[in-house]
Each structure stands twice: as structure tokens, then as C-alpha cells.
Number of protein chains: 2
Amino acid sequence: MSETLSHKLIAAHLLDGEMTPGSEIALRMDQTLLQDILGTLVMLELDAMGIDRVRTDPSVQYIDHTLLQPDNINADAHLFLKSACERLGVWYSGPGNGISHPVHMERFGVPGQSLVGCDSHTTAAGALSMLAIGAGGIEVAMAMAGEPLYLPMPEVIGVRLEGDLPEWVSAKDVILELLRRHGVAGAKNCILEYHGPGLAALDAMDRHVLANMGTEMGATASVFPSDEVTREFLRSRGREADWRPLAADPGCRYDRSERIDLSTLEPLIALPSSPDKVVPVSRVAGEPLYQAYIGSSGNPGYRDFAVVAEIVKGRRVASEVSLDINPSTRQVLSALIGEGHLAALVEAGARLHQPGCNGCIGMGQAPAAGRNSLRTVPRNFPGRSGTREDSVFLCSPETAAASALAGVITDPRSLGMPCPRVREPARMAVSDDWFVPPLPAERARHVSLLATDNTPPLPALTPLPERIEVPVLLKAGDNVSTDDIMPAGARVLPIWSNVYASAEHTFEALDPDYVARARARGDAGHAIVGGNNYGQGSSRENAALVPRLLGLQVVIARSIARIHWQNLPCFGVLPLTFRDPADYGRIARGQTLVIDDVRGQLAAGQRIQATLDGAPLTLMHELSPRQVAILTAGGVINWLRQRKASSPEENVT
Amino acid sequence: MSETLSHKLIAAHLLDGEMTPGSEIALRMDQTLLQDILGTLVMLELDAMGIDRVRTDPSVQYIDHTLLQPDNINADAHLFLKSACERLGVWYSGPGNGISHPVHMERFGVPGQSLVGCDSHTTAAGALSMLAIGAGGIEVAMAMAGEPLYLPMPEVIGVRLEGDLPEWVSAKDVILELLRRHGVAGAKNCILEYHGPGLAALDAMDRHVLANMGTEMGATASVFPSDEVTREFLRSRGREADWRPLAADPGCRYDRSERIDLSTLEPLIALPSSPDKVVPVSRVAGEPLYQAYIGSSGNPGYRDFAVVAEIVKGRRVASEVSLDINPSTRQVLSALIGEGHLAALVEAGARLHQPGCNGCIGMGQAPAAGRNSLRTVPRNFPGRSGTREDSVFLCSPETAAASALAGVITDPRSLGMPCPRVREPARMAVSDDWFVPPLPAERARHVSLLATDNTPPLPALTPLPERIEVPVLLKAGDNVSTDDIMPAGARVLPIWSNVYASAEHTFEALDPDYVARARARGDAGHAIVGGNNYGQGSSRENAALVPRLLGLQVVIARSIARIHWQNLPCFGVLPLTFRDPADYGRIARGQTLVIDDVRGQLAAGQRIQATLDGAPLTLMHELSPRQVAILTAGGVINWLRQRKASSPEENVT
């Protein structure tokens, strides 16, 4: 039977489950990737699990988000992460090397392998025909420990590309077109699988642009075939031996199908403040401009910078525009120097920044309030730039460069110059000297974690009790996000690695007294009640761990967002829903919830019989036996430690 | 009679006063320079003065400190400053152009001219034979308005340089040797005038290193002759027409004399945490290293970066070291690219940052807590790096580069490689396109200030009353610094431009309730009593303006630091000392101070008769008639507005 490439990749890594859309599957992970903001907690989790050597190869820790260093917290975290890498057998890509996604593709990407990373744009490696998925930190920690990655089997959307890109139109316009058609939830629980003759128009880093921003459509992954373009990419990095051909079978059937004739595309732009508010650039041409921002994993390729250099070369950026150049990687920076493009940019008046994520996630280069910023980044959610009242547009490097020259938003086709033709140098430098490789196991054993006050060990969690008797301490409405539970931002983000310190900020906007009430109860515990879609938003695991630390034992909601629902049992919190959603209205803060024989009820079926101030209340759970075992143990860390203790030689995969 | 070069430069700009050391002189200022942190207040002051066109030519506003942009405050300030430049006839050097001191020297420096800037390292332009002085913002505002700069006539220290520099020894080691000999107050109220045959060993940017860090010895200015080296510097920038020869007369007499035989020097290093804790590098060789930081106005020349590139070329920086490269200017960055040095740095593993002040003033790149950081910057005061518990050493680029390679503090002579010989390219690009020139007056009139909530207009101050009757609201001990009065740091610095918002932080560490007490009194006013050396430290004028805004009318202290003493009457505050210092002990918080006929007493002489809770108290003032007039008017802004109103056509200089 003809198979899609996605099915082949999944089948090659399938450890358990049925490949039926929606059904839980367990996948073997070959590689893992950590970024720095979330990597600290992952390292602390691995330490708490008692792991002394990771199982995925390679596992790589990237320092790419925390580069500003306004005080010692970032630098201290880098030293902690480097020591954890040395101890656990993880590659360390230090500050200055660049953004995880392109660096990983350059140095470690291998067609056909699987990768999970604690960053939503980990999907970018699908450009190299990898099965690459973003997940919460605890799931990556489990993968590093040798456990499978669990997820619902996705649907596969086949995206057939035809024709060739017109002048002044590039990869970013292709993904913007898909966002225009399908919106930010258009590929939820799906894999976007690209195929067709138009692929030849996209080199490997162009494909990265599409695979990266599949995340903006909610895709679980994006997958490209491994073809001669892929081979050329690896060859120019001195890694042709890692190449192998991969493609869907002719005639395979996709769950859904889409078609784009590249030759019909024009320059597109996403208006503030959502990646799917896409219109032709010509629709907003002439609007004033404060900033043109080139960089991020949304347009990380050499050509994405070189084309900007070719456009501004010998000219002067408009004096009212800040043209910010954020090379994605050390390699790209090096190539831009070598080919004369960096000189052209600097002489035209651009500002040059260090390689890394930078302003894409609000780490510097925040625009002036209310002023238009054109960015080649993947996201323009409100405030993400660091400026609360921002006005961020997403577009191609061509559009950003043309606009920087003109001083107003400009369709690059109206520049009146020949469209630059940029090719990658035949040889792209990539040096292992830029990385710190894993230490041999015998040396690694002697490395101590360089912990600081900001990286205290994780708390030991207690197993699930036989009987739960707790008050409802907080009753929330619909759509509580993980941002509501555990805030991010410049104030709290640097202390995420410290669950005790960040606990002070739990629910601070929604209910400033929650922390005090929870602390008053202490280990006696409490319950939280939510409405629909409780825990929506990011995958941050501390939104489960930190409330647990404050005594949270049970969450009851009308519905719970998928990733948060997965995170809760990983940290020993029981997630339940109402059998009758109308029961939400019966609950008030301060009432006492009692669940007798919790373990027995969980094992017996989906129904959980409880009482609320003595009156019966029927609740439901959807946990798998694996999740029940994790919950019963008091979370993933205890569960893994127990398995390790009972079977020390077990090779989990 | 033979004259020193310093005397010639002063005589050429003298408007009033005697050239006797310590006597107040009034100097005509040709040029002015603003940096961004303090420039906002200066622009608001000029606006409040009713100035519509500045008189100095050029006046230049540099954006070099506020480059991180973690939120919109920096970017908003840039737009405000640019609009102020357009309105007032000021050149604008935007973010990305680099540090004021080297950029000013490259593009605007003219031998023989005078320059005042609101940055203590403005002295660096003495390298080009300018009379260049750092001062408080209000003094620069006055100079921009056409007023003279007043200062005590300095003593002149002749520093004779002989011999040639040994291999691996460079300009930084020369100024470190002077700091070793004389300490951080060794040139207070002096001009350091360099002469002798050893000058030939120092090119113009080497001289910048010495003139810049004369400030670390407390020097009012540093002066170099204008010779063939100067001519070559200007020629390579396409500005040979600005050159003219300037030198001391043979046989001139200096107030003090110093001699350095360059050939006897060795690599030196200042230990944490003072620039004068200087020892040979060999004394601390082998100490572990976290960071090597190359940049700042302390080593801003092309050669200071190129020599590092030559040292690390083809090698790999030790993996435990962060080698941070902060190009000083766009020009230097461009030249480093052109000559292949940037490629060598990036490939060796260095981190590249945007041109500007950056980590030198704690704006990023803060080191890990307690870890050693070797820096080519001018200062290593505790915490200046952004890390409270920092450990910062000052050294030459050669020493920093050698240490980065070795991973421990290293005397570069022990590297075992030939000493690199680096020469500037014959042509250093400098483009007027990188600046926004002043608008013609007729267009400038139509420009509005882009004010934000963070740049409100300055308050109107009331004239000095005829009678003062106020309570003592705060009694402080000795050595209260301007940091105690108006804190800096990442929390408060961004709101310095907003005197109303920053007022909340006045004296916050010393007396957290002072603001509330002062606000309760309101316009009824209050007095502050200090011990010795009240108002020491930086020249920040908001340490006078903001307490005045809170109602401060009189400061009485045992002694008042010179610059703060000058700032107080500029904002309408009467600075007094005790005739009998023992009277300090008689005063308590809450007592009432009464001064009758204040204006009459100030005009009549130095003695001021007051009462304290009814008992007589004799105080003293040292204000000149000019200062009394300013004080009486309620500060400089009122004084200048009144003069302008009474004589609208007056050309003040």
C-alpha cells in the first residue's frame, strides 16, 4: 500500500499504539533539543530522576534565548547548563552559536531520525525530513531518559507545491499564504507534508521557514522529503554521509489535501497581531515604519540575510528606520562576512546584533510604542516584541528590506531594481570547535552541577494518597491560560528555574491571594476548579509543577487543554472533568471535596465518585494506565526513579 | 614666555577669569556632545529655557548607552531625542553608530577647538589636541545655549613620554602605569598634558585610550599635541583640512611633571574593583576566567580589536570563556570586516555585539557572579558590570585575548607566538550618511518634540523667596553620594528623563520615608542637612533638580562636593555650610530653620545669619554673583529665560 512520508517516519519510530488519527501513539526519539529558558528545569528534572547519562544521541542544549545578560542571572544559568551537559552527556552549544533550530539542522539534523525539543519551533527540522516535534520540558526530559514520546496520532495534510516562485516572492510568502487560507488553528493535530514539483524551488533553509511556521498553524510537525536539495545541503556542510533519500510513495492518500501554485503568489504580510491576518503587502504599502527586523528561526537562512544586503547595498536605510540584523547562527554570520554581505549591511546603516533569538521573543530591540515594526520572525502576538502596545507585521526579508530603504511599508516589486539572485556559498563552515561535546561517561561522573540560588533542586513530591479531602481554594472561569497560572515576561522568566521563587507569582493577576491561601493549607492540599479550556496556551510545565508545590492535588474543570492535561499527572496532580458540566455551577470556593479510594477508582474506570460538602458529585478521568501509574507515584520523576530502582539495568527503549 | 599647550588652549577660549590654579574661569565652548541617558534631560532643559537653536557647532546627540531595548522605553527615548535634534539644530548619531567618544573624534574632532559633553569620558577628544571636558547636563545645556563653561583653573601636569613600547605592551598599559603611580584622585583639578619623544609610539586612537582614562585619575582634561600623527589620523578620515599643528612651547614649565620610559613597561592589570589597583599581569597569571570583554571607549581603536583577532586567528577560545567583542563604532566594525579580522574573531568562537557602550556600563554581558571578567573598559567599580558580586579586571586587548585563549589570566608575552603588528587601513570609512544633520532653521521651527509619558516637560521653579522658613526633613551623615540621592541602575535609569516618576526613588535607600514627608510639606518647602562631602560622586543634575521638585530649598552641610554644589543653585537650591562645623551636632530632624532677608544677605557677603528653632545659627555661602543671580531667579532655566526676554537679540557669547 502506498504510504505518506509522515506514516513511514512514524512507523519507523512507533513503539506502541495504533496509527489511527486521535489515538495515542508512543514514539521512539532519536534526538533531543533543549533551549535555555526551559532547559534549566529539564536538567533539574533529570537530576531529580537520578539520570546520570541521557539516552538520546545527540541531546543538545542551546543557549539562544538568554543572551542579554543585564545581570548575572543569565550567565549563572549558562554555567549551570554547561555543567549539566558535562554531567549528563549532552552537547552544549554556548551563547554566540545561534538559534537552536538552524544550528541543529546544520550540525545534527539527519533525514529520517526523530527529534523532540522543548521549543515549539523544533518542528523546523522537518525541513531535513526529520520527524521533529515540540513538547513540554518534562516530556523532553523523559525522552532524554529513554522513554517514548506520547502523542495523539496526527492527521496528515498533503501540501502539493507547483510552479516556481516569482521574483521578489520567497518561502515566507508561501507559509503566509497557508496561514491566510487556514488560520492559526488550521493544522491542529496534523502533520503538514509537502510534496510536488514546486519543492525544487525551495532549498533546505527555505523549507525550514515553512516547517518552522507550521507551528503557527498548530501543526504537530511538518515534513519534507529528503531529496537532492537535502543532499546538497548536507554536502555543503561536509555531512553528505548523513543523507538518505526519503519520500512518500507515489499515489499515497492524505487525510486532507492542499495545493499551492507558487507562480501565483505575491508578497504577503501578516498584520498586527496574529500570524494569520495575512494580506498582500500592496494593501498596506505607504504605512510609516519604525523598524525592519531581520532574523529569528522564521527566516534563518543565509539567503534571508544576503538578499537584504543585496537590496540595501550602496544605499542608505531611511534615517527614521532601525534596520536590525540578527544573524541566526555563527555559521550564517561567518558566511555573510565572507561573501561581503555584512559589509554592505553595516555600511548601509543597519544595526548588527549577536546571533540568537533576541527580539523575536522580546529579548531586546523592542519597538517604540505604537510604531510599526516589520519582522521576518514567526509570531506577532501582542506584546511579544517586549513593547506592550506594539504593532508588529510579519513578512519576507525582501519586503522588510524594501520597506527599510523606502521608510514606509513597501512591496519589494515596486523598488524598481532587479531582483537579487542569492545562492549559498558552495561550502558553509561548520566547526565542532564551536560546541562542547559530551564528556566520556567516566569523566562525566565527576562533574558537579554548578547550581546557584536560582537553580535549587526540585522538591520531592508525595505519592497520590488513598483518600483526598481538600477545600476548593480557587474557582476560575473559562480559558485560563498557563500565562495566568505561571506568568512569563522579563520579571518572572529569569526565575522560572527556581520553582520556590516563581511560586510567589502563581495566579498573581487572576487571584493575588491564592498563594497565601495555598501556603496556609500547606501539605494538607487543595483543589482548583476551572471552566472550559483550562490551562490553554504554552506548554510550560511549571504551570503544573509550581501549583503542585503549593499543595494542589486535584484540578476539576469543564475541559482541560491537552498539553496542560498531560503535564498535571506528570507532577502528581489529578485532572478531572465533570460528568455533568452543569455541576460547575454548584461549586463554590471554600467547599470541601472528598474522594475516597482514589487509586481504586482510577483503576476501575473513568468515573470518579466524590462528595462536595457531603453531597455526591460525579467526576470523570481520561488517564491511560501509564498516566495513572505516573500519577500514583507522585509524578514522572518518582515513577522513573522507582522503575530504575526496581530494574537498574533496564534499557528502557 | 613659553607656554604649555593647555595654557594656549585655555587662553584661546577664555572669556573671563584669571588663569591661576583654583580660580574660576569662564571658557567659550565650540562644540558639545550629549549621550542618551543624560541627553533627554538636557533637551527638556533647553526646551524649558525657550532655546530654539543651539549655538555650539557642532552639537551632537549620540545614542550609545540605551541600546538593549527590553521594552519600548529606550526606543521611545531615541525618537524623542531625534525630534529634539531636528528642532534645535543638533546632529543625531543614531543607535548602531557607536560610542560618542570615538565617533566624535572620527567625524567632528578638530585640533584646537573646545568641547564639553555630559559624559565624564568626553575628555578623550584631548587625543586630537582639543580642550575637551566632561560636565553635568545643565552645564552642557548652558553651553549649547551659548553660555560659557565655568570651572576652576586646573593645574597642568606635564607627562613626558620617552622610548618605545615593548612587544605585547600597548596604550592601556601606559595609563594603567599612571594610575598605579598616582591613584584615582591623582590628577584631580589638573590637566594631564602629554609630550616628549615617546608620543611617536602612540597613534591617535592610542592617545584616545590615555585621554579617556585620565578621567579615572580625576583629571579635568587630558591634552596631546597636534602633530603628524594627528594629521595622519585626519587625513585617513578625509579631513586633513581640519588639521593644524599645536604644541607646547619648548622650555615651558608645568605645575607638576611626570616621566614614563615606555620601554620599561610590562603588561599591567587593575584588580577588582578600582582602576588604580594595578599590578603586573604576571602577578595574577593562572587565575581562572569567565569572560574577556573587548570594547568601550577605554580601548576603542581599530587596532584594539584587530590585535585580538590576530591573536585568536585560527585558534579556538577556551570553551569556558565568553570572549565578547563590542566594536566601538560602525567605522571600526566596517574596517574589521574589510580587513578579515571579524571573520577570524567569529570563527575562533567570539561573541559579537552591537557597537556601543553596552556592558561597560552594565547594559548587557554581565558576568556570572563571583567569576573573573577581564575587560578593556576604563572602569571596574563594584557592580558596574551589572553583576552585584562582580570581579572585574582592567587590562589591554592583548592581555584579554591571551587570557581568552588560555582560559586563565595570562601575560601575553607567555603565549609563545610573535607579537602581532597591526596598522590601521590607510583609509577609514566615515560617511555623513550615518548621521542625521541639523535641519535648516526654517524647517526646524516646524518640528514638534516627540514627547512621551516618560519625557514630561520640566517643572517651572519659583524664584528664591525673601524669607525662608522650613523644617529640616532629613539629616544625613558624611559622604552622601548622588547615587544615594538619585539612584541609577536598570530599575531607575530608564525613568531619569521623567523627574516626576524618578522623584519616588529619591533617597530611597538612605531614608525611605523622605519622599512622603517632603510631599506632605509640598511647596512650603524643607531643608536637608549633610555632613562632610555631601553630594559626592557623579555629576547627575537630577540629584539637585528632583529634590527641588519635592520642595528642597536649602542644603546645609559641613562640606559639599564641587559639582553637586554647582548643580544646586542651577536648580534654585541654596547651598550653605556651617561657619562652625560643630553646629552640625546641634541640628536635629524636625527643627525649623529661618533665614530672613535671604537675597539681601547673599548680596552682602558670605555670612548668612539664620535661626534654628529660634536660636541663632551662622552659615556661610561661597556663591559668585553670577550664581546668586541664577539662584535668585529660581535656577538656570528661569535666569536664561529672563535674559532672553529682556534682550531677545542678545548673542550671549
Applying the selection to the range A:349-382, what residues are in a helix (DSSP H, G or I), farther than 16 Å from A:Ser273 by Cβ and of a type in the set (Gly, Ala, Ser)?
none
Being under 21 Å from the mean Cα position of the chain (by Cα) and surrounded by fewer than 23 Cβ atoms within 10 Å (Cβ to Cβ) narrows it down to one residue among B:Asp261, B:Asp276; which is it?
B:Asp276
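Given A:Arg375, A:Arg303, which one is in contact with a Phe, Trp or Tyr (Cβ under 6 Å, 6 or more places away or on another chain), assigned by TED's automatic domain parsing to the domain that holds A:Thr410 and at pLDDT 95 or above?
A:Arg375
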Count - residues of the range A:599-611 that are crowded, with 20+ Cβ neighbours inside 10 Å and outside any helix (DSSP H, G or I)
2
Might you check whether a residue that is free of Cβ contacts under 8 Å to residues at least 40 places away in the same chain and either closer than 26 Å to A:Leu151 by Cβ or assigned to a helix (DSSP H, G or I) (or both) occurs anywhere in the range A:526-538?
no
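Here's the yes/no breakdown for (1) surrounded by 17 or more Cβ atoms within 10 Å (Cβ to Cβ); (2) touching a Lys or Arg at 6+ places or on another chain (Cβ under 9 Å); (3) under 23 Å from B:Tyr150 (Cβ atoms):
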residue	(1), (2), (3)
B:Leu545	yes, no, yes
B:Ile587	yes, yes, no
B:Ile595	yes, yes, no
B:Ala615	no, yes, no
B:His621	yes, yes, yes
B:Val628	yes, yes, yes
Residue in the range B:212-223 that is in a loop (DSSP other than H, G, I, E, B) and over 23 Å from the mean Cα position of the chain (by Cα) present:
no
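Kindly establish whether A:Glu389 is crowded, with 18+ Cβ neighbours inside 10 Å and modelled with pLDDT under 95.
Judged against the criteria, A:Glu389 is not a match.
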Going residue by residue through the range B:566-585, is there one that turns out to be part of a helix (DSSP H, G or I), over 23 Å from B:Asp513 (Cβ atoms), within 24 Å of the chain's Cα centre (by Cα) and at pLDDT below 95?
yes
Note: among B:Leu461, B:Leu449, B:Leu474, B:Leu439, just one is assigned by TED's automatic domain parsing to the domain that holds B:Leu576, aliphatic (A, V, I, L, M) and either under 19 Å from B:Met49 (Cα atoms) or touching an Asp or Glu at 6+ places or on another chain (Cβ under 8 Å) (or both), namely B:Leu474
What are the residues in the range B:317-333 that are among the hydroxyl-bearing types (Ser, Thr, Tyr), crowded, with 24+ Cβ neighbours inside 10 Å and out of contact with any Ser or Thr (no Cβ under 9 Å at 6 or more places or on another chain), if any?
B:Thr329
Residues that are out of contact with any Pro (no Cβ under 9 Å at 6 or more places or on another chain), buried (at least 19 other Cβ atoms within 10 Å of the Cβ) and assigned by TED's automatic domain parsing to the domain that holds B:Tyr514: does the range B:642-652 have at least one?
no
At least 1 residues that are of a type outside the set (Ser, Thr, Tyr), within 14 Å of another protein chain (Cβ to nearest Cβ) and touching a residue at least 24 places away in the same chain (Cβ under 8 Å) in each: list the strands (runs of 3 or more DSSP E) lying fully within the range B:262-348 that qualify.
B:291-295, B:322-326
Among the residues of the range A:349-374, how many are hydroxyl-bearing (Ser, Thr, Tyr) and either facing chain B (nearest Cβ under 7 Å) or surrounded by fewer than 23 Cβ atoms within 10 Å (Cβ to Cβ) (or both)?
0
Looking at the range B:411-422, is at least one residue part of a loop (DSSP other than H, G, I, E, B) and within 14 Å of chain A (Cβ to nearest Cβ)?
no
Restricting to the range A:452-496, what's the tally of residues that are in a loop (DSSP other than H, G, I, E, B), crowded, with 16+ Cβ neighbours inside 10 Å and within 14 Å of chain B (Cβ to nearest Cβ)?
4
Those residues of the range B:497-509 which are assigned to a loop (DSSP other than H, G, I, E, B) and either aromatic (Phe, Trp, Tyr) or surrounded by fewer than 16 Cβ atoms within 10 Å (Cβ to Cβ) (or both), in sequence order
B:Phe507, B:Ala509
Pairs returned, first residue in the range A:432-449 that is within 18 Å of B:Ala348 (Cβ to Cβ), second residue that is of a type in the set (S, T, N, Q) and surrounded by fewer than 17 Cβ atoms within 10 Å (Cβ to Cβ), beta-carbon separation under 7 angstrom, 6 or more apart or interchain, are A:Val436/B:Ser319
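The values are calculated or read from the model by the stated rules, or taken from the named source; none is laboratory data. No experiment lies behind these values; they were computed from the predicted model shown. Note that we place each Cβ from the backbone using ideal geometry, even for glycine, and neighbour counts take in every protein chain shown.
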